Every structure is written in C-alpha cells, then in structure tokens.
Amino acid sequence: MAMNRVSRFFLYFMLILAALYALAPMWVMLSTSLKTLDEIREGSLIAAPHAPTIEPWLKAWGTACSGVRCEGLKPFFLNSLLMTIPAVLISTLVGALNGYALTHWRFRGSDFLFTALLVGCFIPFQVVLLPMARLLGAVGISDSVFGLIFVHVVYGLAFTTLFFRNYYIGVPGELVKAARVDGAGFFTIFQRILLPISGPIFMVCVIWQFTQIWNDFLFGVVFAGSDSQPVTVALNNLVRTSTGVKEYNVDMAAAIIAALPTLLVYIVAGKYFVRGLTAGAVKG
Amino acid sequence: MASLGIHNIRKVYPNGVEVLKGINLDIADGEFLILVGGSGCGKSTLLNMIAGLETVTEGEISIGGKRVNDLPPKDRDIAMVFQSYALYPSMSVRQNIAFGLSLRKVPKAEQEATIARVAKLLQIEPLLDRKPAQLSGGQRQRVAMGRALAREPQIFLFDEPLSNLDAKLRVEMRSEIKLLHKRLGITTVYVTHDQIEAMTLGDKIAVMKDGVVQQFGTPDEIYNRPVNTFVAGFMGSPPMNLIPATLSINDGKLYAEITVGPTAAKRVQLPLVGFEMSRLHERMVDGAPVLLGLRPEHLTDTGRSKGAAANLTVPIDLAEPTGADTLIFITLGGVRCIARLHPAAVAAHDEVDLVVDTSAAVLFDPSTQNAVAFAAD
Ligand SMILES: Nc1ncnc2c1ncn2[C@@H]1O[C@H](COP(=O)(O)OP(=O)(O)OP(=O)(O)O)[C@@H](O)[C@H]1O
Ligand SMILES: [Mg+2]
C-alpha cells in the first residue's frame with residue numbers, strides 16, 4: 001500500500017515535470033508577447049509581465065512590416081484561411097470517396113492503386129516541388145491561391161484516402177450490397193449509408209489536414225503568389241524584417257497568432273481525434 | 001413475378017477457390033425453392049449471384065426467361081434478406097424499411113401504409129423509431145425481413161431469415177411466410193438449416209454439398225427417395241438410419257440380412273417388400289453388401305405399424321422421450337440406429353418388439369454411397 005503511494009507520487013511528479021517542460025516555451029512566448037521592449041531587456045525570460053500590454057499583439061496583427069508591406073499578419077491570416085478551409089474540405093471529401101471506392105467497389109487494379117497511394121504518403125515535399133511548379137505553370141494557376149489549394153489537395157489525398165480506407169474496410173460489405181438491392185447507386189450509398197457513419201474519421205481527417213496545411217511553409221513559399229502568401233511565410237518575413245531594434249514581443253505575438261487556429265482545432269476537436277482513431281467497425 | 005433459371009453456374013472467387021461447381025436449378029414462376037446444405041457449401045454465394053452482387057464466373061442466370069448475368073442488382077427487381085441482416089446503422093427501423101421504397105419513388109402515403117403493414121406482420125411496431133444498435137438479434141432479423149417484405153419484387157431471396165428467433169416466434173413467422181407466399185405467389189429462394197422449414201415451406205428443395213447440388217426435387221422426393229447417403233443423412237431429424245446389410249436372393253425374392261444387438265450375435269433376414277428384381281442395379285447380386293436406409297419412423301412399435309412389414313426383437317441401448325414420441329437407440333448391423341416409438345410402447349423392458357417397414361426403405365451401394373434401389377410405388 002505504502003509502496004503504491006510512493007510510486008503514484010513518483011508517477012505524478014514525472015508527469016508534471018514533463019508537462020512543465022513542454023509548456024515552458026509556450027509560457028515564455030506568451031509572457032514575452034505581453035511585455036514592453038524595456039521590460040524584456042531588463043527582466044528575466046521566465047518572469048511574468050508586471051505591466052501587461054497588448055500593444056505588441058495589435059502591432060503584429062495590424063501594422064508590423066513583413067517585407068515591404070506593413071499591414072501586420074492580418075491579410076496573410078485571411079489568405080491562410082481562404083486556402084486552408086477549401087483544401088481541407090476538398091481533400092477530406094475526395095479521400096472519403098476514394099476510401100469508399102477502394103473498399104466497397106473493388107475493381108481490377110484497386111489493390112495496386114492503394115499501394116501506390118500508400119507510397120504517396122512517404123514522398124517528401126521537396127521531391128514534388130519542381131514537377132508541381134511546371135504542372136501549375138502549364139495549367140496556368142501558378143502564383144495563385146488556387147494553385148496552392150490544388151497542391152495541398154493532391155498531397156493530402158494519400159493520407160485522407162488511407163484514413164478513410166482503413167475506416168471503411170470495417171464496414172460490412174453486406175451493408176452496401178443491401179443498399180444496392182434496394183436500388184441505390186454509387187453516390188446514393190456513399191451519401192446515405194457511408195457518410196452518416198463517418199463522423200469520427202471525418203474529424204481525424206479534418207484535424208490532420210488542417211494542421212498540415214495551416215502549418216505548411218514550403219509549399220506556401222514556393223507556390224503562393226505575393227498576394228496569396230500564407231501566414232507562415234508572412235511570419236517568417238515579419239521576424240526577419242528588422243528596422244533597427246528587434247521587437248521580440250511583436251515576434252512572439254505574431255508566432256502565437258499564427259499558431260492559434262491549430263491550437264483551437266485541437267482544443268475543440270481533440271477528443272474526437274482520439275475517438276476517431278480508436279473507433280471500431282460499425283455493427284449493423 | 002418470374003421463373004428463375006440457373007444453368008451450369010460456376011463461381012471462382014478471386015483467391016482461386018471454386019465455391020460453386022456447376023449448379024443447375026430451374027424453378028417455375030411462383031415456386032418456393034429451399035436451399036439446404038452444410039456450412040460453407042456456397043448457399044449465400046448462390047443467392048448473391050442471383051441478386052447480381054457477385055459476378056458469375058461461368059454459366060447463365062435467367063429471370064423470367066431473360067438472361068440477367070450482366071444486369072445490376074437494382075434492375076433485377078429482387079428483395080433480399082441477408083444472413084447478417086445488414087441494417088443501415090444510421091437509420092431508424094422505419095427509415096430502414098422505407099429506404100428501398102423511396103428509392104423506387106413509392107408515394108409517401110403508400111410507404112406509410114406499407115411500413116404499418118409489415119410492422120404488424122412482423123410484430124415490430126414498437127421498434128419503428130429505434131436504431132439497429134438498440135435492437136436484439138431476433139428483432140434485427142425481423143427488421144431485415146420487413147425491409148424485404150415491404151416490396152413486391154419478382155423474386156424474394158431469404159438467407160436464413162428466421163435463424164435467430166425464439167422457437168415460438170419462429171413457428172409464427174414460418175406460417176406468416178407461408179401465408180404470404182400463398183397470397184402473393186412470388187418466386188422465392190430460401191436458405192435454411194431448419195428441417196421443418198425446409199419440409200413445410202418448399203415446393204422444391206435443393207440439397208447442396210461442396211458447391212454441387214446433390215439432389216433437387218420436391219420435399220417428398222428428397223425425404224423418401226434420397227439419391228445418396230448425404231441427402232439421406234442431411235434431411236430428416238433424426239436422420240435416416242444407414243444399416244450395413246448383406247443382400248440375399250431367395251426364390252426370386254429379396255432379403256436384407258442384418259445383425260441385431262450390440263454383440264451382433266443374432267442375424268435376421270428382413271424381406272424387402274416391394275423391391276423388384278428386374279429394377280435392381282447390376283451390382284446388386286446375391287451376397288452383395290448394401291446400406292439399408294430406414295427412417296426412424298419406419299422402425300416402430302407394433303401399434304403404429306402399417307403396411308408391409310417384418311418383425312424384429314431388439315435390445316434397447318437408450319431411450320429418449322421427446323414428448324409425442326420416444327426415440328430409442330438400438331444397434332443394427334453393428335451401427336447405432338434410432339427408432340421412433342409411441343411412448344407407451346417403451347415399457348421398462350430392455351427389449352422391444354419392432355416392426356420394420358421395409359417398403360419405405362432405400363438401398364445404397366456402400367462403395368459409391370448412391371441409392372441403388374427403392375421400393376416400387
Ligand atoms: N469473398 C469471398 N472470397 C473468397 N472466398 C469466399 C468469399 N465469400 C465466401 N467465400 C467462401 O466460399 C464458400 C461458400 O461461402 P458461402 O457464404 O456461400 O457459404 P454458405 O453455404 O452460405 O454457408 P453458411 O451456411 O455458413 O452461411 C466458403 O468456403 C467461404 O469461405
Ligand atoms: Mg450463408
């Protein structure tokens with residue numbers, strides 16, 4: 001019994017230590033972003049701000065210069081939203097359709113196709129840069145938000161298809177057969193039978209894709225036009241654009257702003273993520 | 001409504017397993033076909049092929065005289081009950097039943113009436129607003145049944161539709177199905193493991209084994225004139241006794257000689273009444289070994305016997321009262337046999353006088369296991 005209490009204490013001690021270690025940078029960023037430059041210069045790194053100010057946040061959002069534009073992160077943040085939301089939705093929906101076709105409408109070569117898609121998950125970003133640039137140029141959507149959306153959809157498909165295939169493979173084939181006998185076709189079955197039971201895996205896909213696409217820097221810097229740059233690229237420019245003194249507080253605020261949406265998605269939908277990953281097959 | 005033709009159907013699954021090896025079945029418009037056979041013999045596969053859910057490797061399926069091999073399921077006008085029920089998990093019972101109707105553009109009011117009708121028939125009225133996950137196995141099975149019965153298709157396909165119901169409900173549902181079939185006259189293919197369902201519902205029975213139809217005929221033919229020992233053993237409960245015997249021919253009359261009792265000390269000659277020499281297989285000569293097939297009810301007590309018969313006194317190994325009958329286990333020809341007697345006939349003796357109705361017997365060739373002789377009708 002006593003032994004048990006000791007080991008339990010030790011366990012919590014370690015867990016709290018790990019949590020503190022993980023949260024420390026977050027704390028430093030947050031407190032720094034609320035300090036004035038003077039306070040940063042004089043005080044310690046981990047001390048709480050004694051006169052909190054939201055000035056750095058306002059500047060990061062609205063007036064800070066990244067490159068030649070001095071409008072803060074706001075326009076780029078909107079760019080990111082405009083690019084991420086369609087890309088996430090399209091790649092998730094198409095992935096769901098792919099997964100459905102690969103599991104319940106097997107065709108000659110469908111297993112090969114799936115294997116090929118799996119390989120797609122392991123292709124590093126860098127490999128697709130040049131071919132993709134040429135393709136976008138040929139189609140005439142380079143340097144635009146459409147091009148960027150297209151790249152993210154294509155790159156994300158391998159993952160979303162994999163997610164949905166592994167989920168749908170647990171759905172009994174007789175469900176689809178019954179619907180076919182009832183007179184339903186490919187899309188009716190997808191919409192009426194499969195989609196209503198796809199909630200958990202949908203959440204997984206959306207979270208995964210949102211995180212990937214929002215946080216992406218490389219595709220953004222390569223494929224976006226100057227007026228469609230995502231917030232990650234702008235953040236980089238903002239931090240590196242210095243006019244005299246380095247404004248750490250503004251940099252920190254900007255970094256938090258850029259990370260906020262993914263944080264929010266995790267906080268709101270995190271529990272679905274775990275639930276979706278562990279959700280079992282559907283029993284009729 | 002339509003006839004159903006299955007001609008030389010073969011099925012090889014992509015993994016290379018040949019599941020059906022040339023099936024031939026023809027049933028007329030409005031007939032009720034029962035498919036029976038051991039687990040894994042290909043019954044569900046055959047139903048799936050009739051429905052158009054599995055491709056046909058070879059052969060032809062026709063509905064109403066028209067080849068349907070390449071017709072998709074929705075154009076075959078079929079309603080099916082799946083072995084695993086396959087209820088749509090996100091829909092309520094009501095929506096499950098309505099799904100097929102609304103896809104076929106049945107007017108709303110008519111849908112409501114149909115749902116009410118099948119719900120009453122299947123005693124699922126209180127369940128209409130539940131989801132499948134909130135139902136018991138037997139309730140799910142009735143919903144699956146309701147989904148099929150809501151329509152009046154060309155052909156019904158039922159894959160063990162009553163297997164999960166309690167005994168009372170099963171009897172009720174069985175007669176409902178029979179009544180419904182009588183009323184609507186829809187061609188039906190019905191898979192079952194239940195002997196009584198097979199005998200009472202079927203116009204025709206097909207007994208399958210390892211992807212081959214062993215016998216296809218009326219219940220009466222299957223029961224009384226099984227073509228081989230597999231069919232003889234499969235239909236009927238308890239199954240037909242297969243007694244090792246020796247054929248003997250005396251004065252142009254046929255006899256089966258068997259040993260009696262566990263010690264095989266006694267030998268008797270049973271006259272095979274009604275068997276004609278002229279119709280006998282050429283291998284069946286004097287002294288040839290045969291299997292004498294006798295149903296338990298043809299080994300019975302003197303009070304129940306009727307018709308041509310031989311008498312036999314045998315020691316009882318074990319008696320099992322089942323209510324209406326008492327089954328006794330005896331040893332004939334060195335194997336365990338079962339006789340069906342009136343309970344009063346089995347007193348506390350260890351011996352019983354049996355009447356053997358040899359005119360209902362079937363002779364099998366032990367080497368091929370095929371039937372070689374039946375009594376003349
Ligand atoms: N998709 C498939 N791929 C490969 N083999 C299959 C497939 N489906 C069924 N089989 C095999 O085909 C054989 C027949 O299966 P089927 O389901 O038709 O049997 P069944 O007669 O309905 O049996 P039960 O009475 O147990 O329902 C089995 O040996 C099974 O393993
Ligand atoms: Mg089956």
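Quick notes
- Where a residue in region B:39-58 is within 20 Å of A:Arg106 (Cα to Cα) and its partner, wherever it lies, is within 12 Å of ligand 1 (Cβ to nearest atom) and assigned to a helix (DSSP H, G or I), with Cβ under 6 Å and at least six apart: B:Leu53/A:Lys177; B:Glu54/B:Asn48; B:Val56/B:Met49
- Segments classed as strands (runs of 3 or more DSSP E), wholly inside region B:142-216, with at least 1 members that are away from ligand 2 (no atom under 15 Å from the Cβ), among the hydroxyl-bearing types (Ser, Thr, Tyr) and modelled with pLDDT of 95 or more: B:187-191
- Here B:Ser84 clears all of (1) within 16 Å of ligand 1 (Cβ to nearest atom); (2) farther than 19 Å from B:Phe156 by Cβ; (3) facing chain A (nearest Cβ under 10 Å) except the condition numbered (2).
- Count - residues of region A:106-148 that are assigned to a loop (DSSP other than H, G, I, E, B) and basic (Lys, Arg): 2
- B:Asp70 of a type in the set (Asp, Glu), buried (at least 19 other Cβ atoms within 10 Å of the Cβ) and either within 9 Å of ligand 1 (Cβ to nearest atom) or farther than 20 Å from B:Leu201 by Cβ (or both): no
- Of the residues screened, B:Ile50 is not one that is in a strand (DSSP E or B), among the β-branched types (Val, Ile, Thr), buried (at least 22 other Cβ atoms within 10 Å of the Cβ) and within 16 Å of ligand 2 (Cβ to nearest atom).
- Residue in region A:185-199 that is β-branched (Val, Ile, Thr), within 24 Å of the chain's Cα centre (by Cα), within 14 Å of chain B (Cβ to nearest Cβ) and in a helix (DSSP H, G or I) present: yes
- Taken together, the residues in region B:116-148 that are among the hydrophobic types (A, V, I, L, M, F, W, C) and either without any contact (Cβ under 8 Å) to a residue 12 or more places away in the chain or in contact with an Asp or Glu (Cβ under 7 Å, 6 or more places away or on another chain) (or both) amount to 3.
- Unique match (being under 20 Å from B:Leu341 (Cα atoms), surrounded by fewer than 13 Cβ atoms within 10 Å (Cβ to Cβ) and free of Cβ contacts under 8 Å to residues at least 24 places away in the same chain) among B:Ala324, B:Ala265: B:Ala324
To keep it simple, each residue is scored yes or no on (1) surrounded by fewer than 22 Cβ atoms within 10 Å (Cβ to Cβ); (2) within 14 Å of another protein chain (Cβ to nearest Cβ); (3) touching a residue at least 60 places away in the same chain (Cβ under 8 Å); (4) more than 19 Å from A:Phe210 (Cβ to Cβ).
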position	(1), (2), (3), (4)
A:Phe150	yes, no, no, no
A:Gly156	no, no, yes, no
A:Phe159	yes, no, yes, no
A:Phe164	no, no, yes, no
A:Pro172	yes, yes, yes, yes
A:Ala179	no, yes, no, yes
A:Asp182	no, yes, no, yes
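- Positions within region B:14-46 being outside any loop (DSSP other than H, G, I, E, B) and within 16 Å of ligand 2 (Cβ to nearest atom), in sequence order: B:Val19, B:Leu20, B:Ile23, B:Leu33, B:Ile34, B:Leu35, B:Val36, B:Gly37, B:Lys43, B:Ser44, B:Thr45, B:Leu46
- B:Lys204 being surrounded by fewer than 21 Cβ atoms within 10 Å (Cβ to Cβ), more than 27 Å from B:Leu103 (Cβ to Cβ) and either within 16 Å of ligand 1 (Cβ to nearest atom) or without any contact (Cβ under 8 Å) to a residue 40 or more places away in the chain (or both): no
- From the list A:Ser31, A:Ser80, A:Ser91, A:Ser44, the lone residue that is out of contact with any helix residue (DSSP H, G or I) (no Cβ under 8 Å at 6 or more places or on another chain), assigned to a helix (DSSP H, G or I) and hydroxyl-bearing (Ser, Thr, Tyr) is A:Ser31.
- The number of residues in region A:60-77 being surrounded by 18 or more Cβ atoms within 10 Å (Cβ to Cβ) and part of a helix (DSSP H, G or I) comes to 4.
- Of all residues in region B:53-73, those that are away from ligand 2 (no atom under 16 Å from the Cβ) and at the interface with chain A (Cβ under 7 Å from one of its Cβ atoms) total 1.
- Screening region B:74-115 for residues that are within 16 Å of ligand 2 (Cβ to nearest atom) and either without any contact (Cβ under 8 Å) to a residue 12 or more places away in the chain or among the hydroxyl-bearing types (Ser, Thr, Tyr) (or both) and picking the one that is surrounded by the most Cβ atoms within 10 Å (Cβ to Cβ) gives B:Tyr85.
The values are calculated or read from the model by the stated rules, or taken from the named source; none is laboratory data. Since the structure is predicted, the reported quantities are computational estimates derived from the model, not experimental observations. Virtual Cβ from ideal backbone geometry, glycine too; neighbours counted across all protein chains shown.
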